[in-house]
């Protein structure tokens, strides 16, 4: 009688018999523990995040404002380069343009960005609705200061920022001198005779430019362009382009005595009262 070899598996019901796994293989090791935040730990983490946000946000906001100011100064320097090119073609005199707050009111005048159109490679400001003088201006740099975002306090109708209202963020202080000369009857830029009107405007341009030049020889650095509104946090809240072509933070308006002296000089250069 033969016996199965020790190395051969025993068959039961035609299937190979497999020895049971040891109990050790299946023995449970107890419930698995998973790590998780407790409510207190979660609240601590949230508090830390809120604290970091509170610390970082003011710093980020300040960095953003500084970036806007740097970009604004870059815009002004670019406009200053365009102005120098204009000087080369106009005997060194400032252009006759609209007061920024009086655009579209005088057909003899043009806007600042129209003067610079031939001297700067940039997209010109345009009305949102072409031909509609009540629609907002669509303005890109360098005519727009990136910090010029808040509506003007004295804006009538729909609140708009300076560039949306006037087509640029920047004003020219010398332009107001043209208005003063006209109010003093030193010039007649709207004379019915076009030749006379043109000559009167040229007289004012030359007088104002000579006044700037004379003050420059005295060491006075006078702004020729600056932010229309106070949009920067430093000092006066404005940046300025100066007669010598430099751009910097505007320290604030000069005292009234200085303005009166400068206007008196401009009137004399216009031969007013002679």
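The values are calculated or read from the model by the stated rules, or taken from the named source; none is laboratory data. Just so it is clear, the structure is predicted and the values come from calculations on it, not from any experiment. Note that we place each Cβ from the backbone using ideal geometry, even for glycine, and neighbour counts take in every protein chain shown.
Quick notes on this one:
- Qualifying residue in segment 143-154 (condition: under 30 Å from residue 66 (Cβ atoms), surrounded by fewer than 18 Cβ atoms within 10 Å (Cβ to Cβ), touching a strand residue (DSSP E or B) at 6+ places or on another chain (Cβ under 9 Å) and modelled with pLDDT of 95 or more): no
- All positions within segment 189-237 that are closer than 18 Å to residue 268 by Cβ and part of a loop (DSSP other than H, G, I, E, B): 218, 220, 222
- From the list 192, 209, 246, 256, the one residue that fits, being in contact (Cβ under 8 Å) with a residue 24 or more places away in the chain and either more than 24 Å from residue 115 (Cβ to Cβ) or surrounded by 17 or more Cβ atoms within 10 Å (Cβ to Cβ) (or both), is 209.
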